[in-house]
Amino acid sequence: MSESIWSTLFRESGAEHLSASLAGTAAPLPAADATVCCPLPAAIIEVAGPDSATFLQGQLTCHLENITPERGAPGAQCSLKGRVLATFLLGQPATGRYWLRLPADNAALTTQALAKYIVFSKATIAVADDVVVLGLYGPAASELLRAAGASCGGQHQTAAMDGGLIYQRDADGLHFECWLTTAAASALLRQLGPRLQPVAPSFWELLDIRAGEAAVDAATRDQFLPQMLNLDATGAVRFDKGCYTGQEVVARAHYRGQVKRRLRRFSCTDLPADTVTDASDSSVGTVILKAPSETGWELLAVVAGSAGAVLRAGETALRAESLPYAIKENIG
């Protein structure tokens, strides 16, 4: 969704102060007591029709039986070789309709890739051009959404609103996404806007880094197995479901422990380069996501399991940081 559309939404809803997120003048980090919002560079793909669940079950790594109007899930689409073509959050705004939220620059490519398999299904697929994605974060976020008629029950829980869906990203009730038509987004901003503060888009990248979640975009599609992005640890890959495209390769890597690279979180003082090197200056990893933090920078990188403890990204030394989930198998 273009900045001009967001500027119009903010102006018409009486929340012009939130346009600072678009203008580059918003603070990179919110105050501890602030509840902030920011337009996200994301898009929604809608799959609808009587066969929509069956179709997606055969294409995605997550289990469609677990998706309801009250519960979503993370997931991925893979190639025949098991490489991740797209990562997304999946929600069900209504019976027979599913929304996949993913980076905007990967939406058209993902729609085209899935459309090749939908021709014999009673279902349609298209980018929902009228749906925008707004991030909401802070101590009052849950209360504000409840007052607007949307109450989620926990991480990956969803709540339907007139014109869209609210998705809770975390377990603490601080981090939400609002997937709404432009009309519904305008109505929500009119109600909540005075209570919200703008923040830089990089703050949402920092939240993803600390959650250990690296979204696949147009630049990184078809490069990594799901396990290399820790999708098996975040619940985006289910090994108790039936076949899907790429499933044989993904399962083989899981059961034979053949994953030699994993997503790791680091912090550093200065802006990191895009390549991770070891003490001998050999390339051992690729930076997927980076964002400014309170003390410098944080990043997620896919790094070889054989990499040593001394790592750099350009001229800056990397400090290993913890992830909020466990990696069960050893990697070589």
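For the range 1-21: of the residues being among the aliphatic types (A, V, I, L, M) and modelled with pLDDT under 90, which is surrounded by the most Cβ atoms within 10 Å (Cβ to Cβ)? Result: MET1.
Looking at the range 248-261, is at least one residue part of a loop (DSSP other than H, G, I, E, B) and either under 21 Å from the mean Cα position of the chain (by Cα) or of a type in the set (Asp, Glu) (or both)? There is no residue in the range 248-261 that is part of a loop (DSSP other than H, G, I, E, B) and either under 21 Å from the mean Cα position of the chain (by Cα) or of a type in the set (Asp, Glu) (or both).
For the range 19-37, the tally of residues that are in a helix (DSSP H, G or I) and more than 22 Å from the chain's Cα centre (by Cα) stands at 3.
Do we find that GLY235 is part of a loop (DSSP other than H, G, I, E, B), under 22 Å from the mean Cα position of the chain (by Cα), surrounded by fewer than 22 Cβ atoms within 10 Å (Cβ to Cβ) and in contact (Cβ under 8 Å) with a residue 24 or more places away in the chain in this structure? Outline the logic, then answer.
Working: part of a loop (DSSP other than H, G, I, E, B): yes; under 22 Å from the mean Cα position of the chain (by Cα): yes; surrounded by fewer than 22 Cβ atoms within 10 Å (Cβ to Cβ): yes; in contact (Cβ under 8 Å) with a residue 24 or more places away in the chain: yes.
Yes.
Of everything in the range 78-100, what is under 16 Å from ALA43 (Cβ atoms) and crowded, with 24+ Cβ neighbours inside 10 Å? Give them in sequence order. Passing the criteria: ALA86, THR87, PHE88, LEU89, LEU90, GLY91, TYR98, TRP99, LEU100. The condition of being polar (S, T, N, Q), part of a strand (DSSP E or B) and either at pLDDT 90 or above or in contact with a helix residue (DSSP H, G or I) (Cβ under 8 Å, 6 or more places away or on another chain) (or both) holds for only one of THR286, THR245, THR295, that being THR286. Those residues that are in contact with a strand residue (DSSP E or B) (Cβ under 6 Å, 6 or more places away or on another chain) and in a loop (DSSP other than H, G, I, E, B), I need them from the range 97-122; list them, please. Passing the criteria: only ILE118. Among the residues of the range 159-196 satisfying the criterion of being surrounded by fewer than 23 Cβ atoms within 10 Å (Cβ to Cβ) and polar (S, T, N, Q), which is nearest to the chain's Cα centre (by Cα)? Step by step, filter the range 159-196, then rank; the result is THR181.
Contact map, the range 310-332: first residue more than 30 Å from TYR255 (Cα to Cα), second residue modelled with pLDDT of 95 or more and charged (D, E, K, R), Cβ cut-off under 6 Å, separation 6 or more or different chains; pairs are THR316/ASP270.
Residues in the range 257-266: is at least one farther than 26 Å from ASP217 by Cβ, in contact (Cβ under 8 Å) with a residue 24 or more places away in the chain and either of a type in the set (Ser, Thr, Tyr) or touching a strand residue (DSSP E or B) at 6+ places or on another chain (Cβ under 9 Å) (or both)? No, every residue in the range 257-266 fails to be farther than 26 Å from ASP217 by Cβ, in contact (Cβ under 8 Å) with a residue 24 or more places away in the chain and either of a type in the set (Ser, Thr, Tyr) or touching a strand residue (DSSP E or B) at 6+ places or on another chain (Cβ under 9 Å) (or both). Meeting the requirement of 1 or more residues that are closer than 24 Å to LEU109 by Cβ and either basic (Lys, Arg) or assigned by TED's automatic domain parsing to the domain that holds PRO201 (or both), the strands (runs of 3 or more DSSP E) wholly within the range 123-183 are 124-127, 131-137, 164-168, 175-181. The residues in the range 47-72 that are surrounded by fewer than 21 Cβ atoms within 10 Å (Cβ to Cβ) and either outside the structural domain of LEU180 (by TED's automatic domain parsing) or of a type in the set (Gly, Ala, Ser) (or both) can be counted, and the count is 4. Only one entry of ARG262, ARG256 meets the criterion of being among the basic types (Lys, Arg) and within 24 Å of ALA86 (Cβ to Cβ), and that entry is ARG262. Just a yes or no: is a residue in the range 66-87 more than 21 Å from ALA184 (Cβ to Cβ), at pLDDT 95 or above, in a helix (DSSP H, G or I) and among the hydrophobic types (A, V, I, L, M, F, W, C)? No. Every test in (1) outside the structural domain of LEU29 (by TED's automatic domain parsing); (2) free of Cβ contacts under 8 Å to residues at least 40 places away in the same chain is passed by ASP222 save one, and that test is (2).
The values are calculated or read from the model by the stated rules, or taken from the named source; none is laboratory data. This is a predicted model, so every value here is computed, not measured. Ideal geometry is used to build each Cβ from the backbone, glycine not excepted, and the neighbour counts take in all protein chains shown.
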